[in-house]
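Single-structure report; data block below.
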Amino acid sequence: MSAVIDAHHDDHAHGPAKGITRWLYTTNHKDIGSMYLWFSFLMFLAGGVMALVIRAELFQPGQSFVEPHFFNQMTTMHGLVMVFGAIMPAFVGLANWMLPMMVGAPDMALPRMNNLSFWILPFASALLISTLFMEGGGPDFGWTMYAPLSTTYAPDSVTYVIFAIHLLGASSIMGAINIIATILNMRAPGMTLMKMPMFVWTWLITAYLLIAVMPVLAGAVTMMLFDIHFGTSFFDAAGGGDPVLFQHIFWFFGHPEVYIMILPAFGIVSHVIPAFSRKRLFGYDSMVYATSSIAFLSFIVWAHHMFTVGMPLAGQLFFMYATMLIAVPTGVKVFNWISTMWQGSMTFETPMLFALAFVFLFTIGGFSGVMLSIAPADYQYHDTYFVVAHFHYVLVSGSLFSIFSAVYFWLPKWTGYMYSEALGKVHFWLSFLGVNLAFFPMHFSGLAGMPRRIPDYALQFANFNAWSTVGAFIFGLSQLLFLYVVIQSIRGGQKATAQVWDGAEGLEWTVPSPAPYHTFATPPQVK
Amino acid sequence: MFFPTRFTATGLLLAAALVLAVPAAASGWNMTPGVTEISRAIYDLHMLIFWICVGIGVVVFGAMFISIVLHRKSRNATPATFHESTKLEIVWTLIPLAILIGMAVPATSVLVQMYDSGGEDMVVEVRGYQWRWEYKYLDDDLNEQLSFFSNLSTPRDQILGRAEKGEHYLLEVDNPLVIPINRKVRFLLTSNDVIHAWWVPDFALKRDAIPGFINDIWAIVEEPGIYRGQCAELCGIDHGYMPIVVHALPEDEFDAWYAERLELARAQDEQLEEQIAQEWSGEELFARGESVYATHCVACHQAEGQGVPPVFPALAGNGVVAGDLESHMDVVYHGRPGTAMQAFGPVLDPVDMASVMHYQRKAFGHANGEVVKPVDVIRFAEAQ
Ligand code: HEM
Ligand SMILES: [Cu+2]
Ligand SMILES: [Cu+2]
């Protein structure tokens with residue numbers, strides 16, 4: 001892909017406004033992208049502290065550190081904050097920064113809505129977290145919010161949780177509309193769909209998933225609200241309702257949601273691996289088809305989270321087969337990444353290390369996913385630490401590692417300075433060690449029979465849990481190093497060139513580093 | 001050179017140490033093969049998929065590491081230029097598909113076998129409560145023959161670290177479920193409040209207990225023994241404290257146990273009649289009430305009656321407890337629908353109910369005048 005940059009600068013173009021109004025009123029995709037990223041990092045730390053509270057309690061058997069009621073609030077809030085506060089906004093932040101530059105557009109298609117969709121987030125999250133300080137405590141029913149524990153038996157603060165989820169959902173939907181509008185309407189001349197960079201493709205598909213399922217979540221929590229306050233009995237068997245109905249609706253949102261958190265990661269890795277292998281992405285077309293098939297399949301597998309609710313045999317079989325099928329396109333992606341490296345000329349800077357760890361560890365998460373999809377075996381795995389291990393391998397060493405990879409990859413473009421490669425590598429190795437030490441033993445504790453979401457456990461699980469806690473603290477603390485590396489690169493260092501990485505391709509590398517406040521005021525020509 | 005081998009070496013060493021140390025550090029780190037035909041089939045299925053995944057992993061990660069070692073810039077300065085191959089894409093779509101079909105076939109047959117309920121020798125209803133299980137032995141017409149509650153029996157001192165933890169810490173109960181081996185036992189699962197899940201790993205049975213609905217599962221246990229499990233669905237504060245213990249007895253021993261329990265239940269009914277008629281002193285009621293309180297109320301209202309406000313109200317200095325007996329009994333007997341305060345009317349017999357009422361009204365610094373007698377409870381119940 002080659003591009004011609006137009007050096008001409010509009011005369012009414014201007015830099016950022018001064019002071020706080022720059023951030024409050026900005027419609028600039030780069031400013032908004034930065035805010036999204038900082039916000040998600042803050043939420044990541046908040047959710048991380050909650051995770052460490054959980055791990056501290058579980059370090060040894062016995063009730064040592066927090067009460068069971070608070071423990072349940074910590075697990076619930078950790079899940080909600082990480083999913084809705086950390087991972088999703090981080091990907092939207094990356095989309096804001098990179099999509100316009102990747103498609104050669106001057107900004108997002110709907111810049112004012114962009115500002116709104118960001119500024120909803122801090123308020124929604126503050127509302128969510130404030131429930132911890134309300135009378136009766138915060139939500140204590142798990143991030144999956146199963147009724148009737150989350151309705152009839154919930155603390156009063158659940159009403160605020162529902163409202164916060166509505167707000168977070170509205171923000172996500174706006175973000176998704178904006179991304180679709182930008183990608184479909186604002187590509188530079190010559191950039192056909194099948195020439196779009198993979199990150200653009202994966203985000204396009206993700207945005208459709210978001211629009212399809214966030215309203216379903218909103219519907220589910222609204223039904224909860226009605227059961228709690230307006231006398232309906234959607235989920236109350238005593239009134240003719242069905243508690244399992246909630247689970248069907250929730251997971252109809254929930255399974256696509258896990259792909260919302262992984263498809264953009266696939267996109268990022270598909271940029272980083274070719275760049276550092278100095279070789280084109282292998283099987284671009286099949287990557288696009290694989291991503292689309294994963295998105296389609298994600299709508300028809302939801303009940304694999306509900307194998308134990310007592311579905312009829314035909315239902316179990318359908319959801320088992322459909323779930324197993326997802327492994328096929330996922331496998332295609334992994335094979336393509338490895339073929340991209342094959343006979344390349346690889347170097348191993350920090351973004352590449354995170355991308356390689358992604359391929360390695362995400363695949364391990366995929367293996368446990370295939371195991372979980374086997375319905376009879378899932379009777380033994382379901383709701384144990386084996387599931388916790390599975391989704392942390394795909395979410396932490398999957399989604400989160402891809403976000404780290406992306407930040408290191410594009411940081412020089414954002415700040416104009418190279419980050420410290422040595423410190424970046426230390427951050428990588430500490431994270432890699434921490435993640436595996438924290439989550440690998442959970443496979444064993446789960447198989448040995450430890451249920452998830454318990455504040456105390458039988459003695460035979462003690463060793464695994466001690467290891468997990470040590471790993472979790474190593475992982476958690478090493479993220480402070482990440483913060484330091486990023487701040488250091490913002491404040492100065494070795495100047496970055498426009499190209500930054502010699503093997504990197506794409507329009508974003510044709511603009512100077514740091515990227516000027518306005519880029520591509522006139523669209524480049526893509527051949 | 002970009003790649004500091006120092007870091008790789010330490011990283012790999014640590015990873016290797018981790019993989020080796022973790023299994024070595026603990027016994028029991030795989031799924032149990034269990035003691036039923038189904039549980040062994042599931043174990044075999046689990047190991048089959050596991051080894052298939054290991055095989056795929058060796059190939060995939062092998063290719064990746066070969067590439068990382070050989071195709072690095074220091075060894076391979078000029079990258080190849082190939083970037084697509086429809087043939088390869090088809091190959092690595094079809095091979096995994098074939099492998100998956102190979103897994104789906106045995107999985108389907110195990111599942112079909114598990115759904116073959118019916119033809120059972122006996123039926124047990126399993127009912128989840130926050131946070132205990134109730135077991136009811138039903139006859140052929142599903143009428144209740146024998147029933148009892150099964151509560152965690154680990155002392156609170158062990159949980160709070162004031163006493164050394166026993167061997168079966170958190171996996172022990174006061175009244176275990178008892179079933180015979182070699183007979184098809186059908187379990188009907190339901191719940192009184194929120195969703196729980198009844199799970200005994202050795203039987204490979206895990207099914208949700210859902211309020212208002214009935215799920216059914218079955219097992220034919222082949223070896224006598226004591227099997228332990230836990231609730232597997234988040235059900236509130238004490239979700240971690242509602243274990244399941246099943247004693248599987250040889251058929252004749254089970255029959256003897258069952259006859260004895262039925263007899264005992266009949267005797268208890270008679271004894272209860274006597275106890276109700278008996279003249280209770282305040283001290284006797286207080287002592288009995290204290291132990292009823294410790295089994296049924298302490299999880300929420302706490303040992304000193306201080307509760308966990310605002311979730312669980314304190315009973316010490318509580319207006320309801322200090323108030324008139326009628327409305328106090330009303331709360332305990334009927335519970336407060338829609339809150340964690342369940343109805344204890346169906347759970348406690350009149351003597352236990354009277355004693356725990358009496359205890360509350362005398363303990364925690366209260367000094368309500370009258371003695372609450374079992375007949376008061378009966379009178380109250382009849383008026384409902
Ligand atoms: C692609 C990224 C993936 C993400 C982000 C993800 C995430 C998750 C999460 C969060 C859960 C926990 C649900 C709960 O709270 O109970 C879960 C469970 C599950 N996942 Fe995944 N997953 C991914 C991939 C896969 C794959 C590839 C498969 C199968 C081929 C799979 C199969 C399952 C199954 C069957 C469960 C249910 C386990 C149970 O509840 O017993 N997942 N996943
Ligand atoms: Cu799913
Ligand atoms: Cu439970």
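The values are calculated or read from the model by the stated rules, or taken from the named source; none is laboratory data. Every value quoted in this text rests on a predicted model; they were computed, and no experiment measured them. Virtual Cβ from ideal backbone geometry, glycine too; neighbours counted across all protein chains shown.
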A:Thr152 surrounded by fewer than 23 Cβ atoms within 10 Å (Cβ to Cβ) and touching a Phe, Trp or Tyr at 6+ places or on another chain (Cβ under 9 Å): yes
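With respect to A:Lys333, is the statement that it is within 16 Å of ligand 1 (Cβ to nearest atom) and of a type in the set (Lys, Arg) true? Give the steps one after another, and end with the answer.
On the way: within 16 Å of ligand 1 (Cβ to nearest atom): yes; of a type in the set (Lys, Arg): yes.
Yes; evaluated as a whole, the condition is true for this residue.
Only residues that are of a type in the set (A, V, I, L, M), more than 23 Å from A:Ser345 (Cα to Cα), in a helix (DSSP H, G or I) and more than 11 Å from chain B (Cβ to nearest Cβ): list them for the stretch A:271-321, please.
The first filter runs over the stretch A:271-321 and keeps only residues of a type in the set (A, V, I, L, M), leaving A:272-273, A:275, A:281, A:287-288, A:290, A:294-295, A:297, A:300-301, A:303, A:306, A:309, A:311, A:313-314, A:317, A:320.
Imposing the further condition that a residue be more than 23 Å from A:Ser345 (Cα to Cα) reduces the set to A:288, A:290, A:294-295, A:297, A:300-301, A:303, A:306, A:309, A:311, A:313-314, A:317, A:320.
After this cut, where a residue has to be in a helix (DSSP H, G or I) as well, the list is A:288, A:290, A:294-295, A:297, A:300, A:303, A:306, A:309, A:313-314, A:317, A:320.
Once the filter is applied, which keeps residues that are of a type in the set (A, V, I, L, M), more than 23 Å from A:Ser345 (Cα to Cα), in a helix (DSSP H, G or I) and more than 11 Å from chain B (Cβ to nearest Cβ), the stretch A:271-321 yields A:Val288, A:Ile294, A:Ala295, A:Leu297, A:Ile300, A:Ala303.
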Would you mind finding the one in A:Phe367, A:Phe360 that is touching a Cys at 6+ places or on another chain (Cβ under 9 Å) and within 7 Å of chain B (Cβ to nearest Cβ)? A:Phe367
Residue list for the stretch B:321-356, filter: of a type in the set (A, V, I, L, M, F, W, C) and assigned to a helix (DSSP H, G or I): B:Val321, B:Ala322, B:Leu325, B:Met329, B:Val331, B:Val332, B:Val351, B:Met353, B:Ala354, B:Val356
Selection from the stretch B:232-259 of residues farther than 30 Å from A:Thr151 by Cα and part of a loop (DSSP other than H, G, I, E, B) yields B:Pro250
Please specify each residue of the stretch A:471-483 satisfying the condition of being within 30 Å of B:Glu167 (Cα to Cα) and either over 24 Å from the mean Cα position of the chain (by Cα) or of a type in the set (Gly, Ala, Ser) (or both). A:Gly471, A:Ala472
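Quick check: anything in the stretch A:257-267 acidic (Asp, Glu) and more than 30 Å from A:Val500 (Cβ to Cβ)? Even if it seems obvious, please write down each step before you answer.
Going residue by residue through the stretch A:257-267, those that are acidic (Asp, Glu) are A:257.
When the remaining residues are screened for being more than 30 Å from A:Val500 (Cβ to Cβ), the result is A:257.
Yes: the stretch A:257-267 contains one or more residues that are acidic (Asp, Glu) and more than 30 Å from A:Val500 (Cβ to Cβ).
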Only unsatisfied item for A:Met174, checking (1) surrounded by 17 or more Cβ atoms within 10 Å (Cβ to Cβ); (2) more than 30 Å from A:Leu132 (Cβ to Cβ), is (2)
I'd like the full set of residues that are under 27 Å from the mean Cα position of the chain (by Cα), at the interface with another protein chain (Cβ under 8 Å from one of its Cβ atoms) and either more than 21 Å from A:Asp378 (Cβ to Cβ) or surrounded by fewer than 22 Cβ atoms within 10 Å (Cβ to Cβ) (or both), limited to the stretch A:454-465. A:Pro455
Give the stretch A:484-514 a look and list any residue that's under 25 Å from the mean Cα position of the chain (by Cα) and part of a loop (DSSP other than H, G, I, E, B), or say none. A:Ala504, A:Glu505, A:Gly506
For B:Gln130, the lone unmet condition from (1) surrounded by fewer than 19 Cβ atoms within 10 Å (Cβ to Cβ); (2) modelled with pLDDT under 95; (3) among the polar types (S, T, N, Q) is (1)
Selection over the stretch A:392-429 where residues are away from ligand 2 (no atom under 16 Å from the Cβ), among the hydrophobic types (A, V, I, L, M, F, W, C) and either in contact with a strand residue (DSSP E or B) (Cβ under 6 Å, 6 or more places away or on another chain) or more than 10 Å from chain B (Cβ to nearest Cβ) (or both) yields a count of 13
Among residues belonging to the stretch B:37-77 that are of a type in the set (Ser, Thr, Tyr) and either assigned to a helix (DSSP H, G or I) or in contact with a Leu (Cβ under 7 Å, 6 or more places away or on another chain) (or both), point out the one that is nearest to the other protein chains (Cβ to nearest Cβ). B:Ser67
Take the stretch B:221-231 and flag every residue that is outside any loop (DSSP other than H, G, I, E, B) and more than 16 Å from ligand 3 (Cβ to nearest atom). B:Gly225, B:Ile226, B:Tyr227
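Quick check on B:Leu170: is it at the interface with another protein chain (Cβ under 10 Å from one of its Cβ atoms) and in contact (Cβ under 8 Å) with a residue 12 or more places away in the chain? If you could, list the steps in order and put the result at the bottom.
Numbers: at the interface with another protein chain (Cβ under 10 Å from one of its Cβ atoms): yes; in contact (Cβ under 8 Å) with a residue 12 or more places away in the chain: yes.
Considered against the rule, which asks whether it is at the interface with another protein chain (Cβ under 10 Å from one of its Cβ atoms) and in contact (Cβ under 8 Å) with a residue 12 or more places away in the chain, B:Leu170 comes out as yes.
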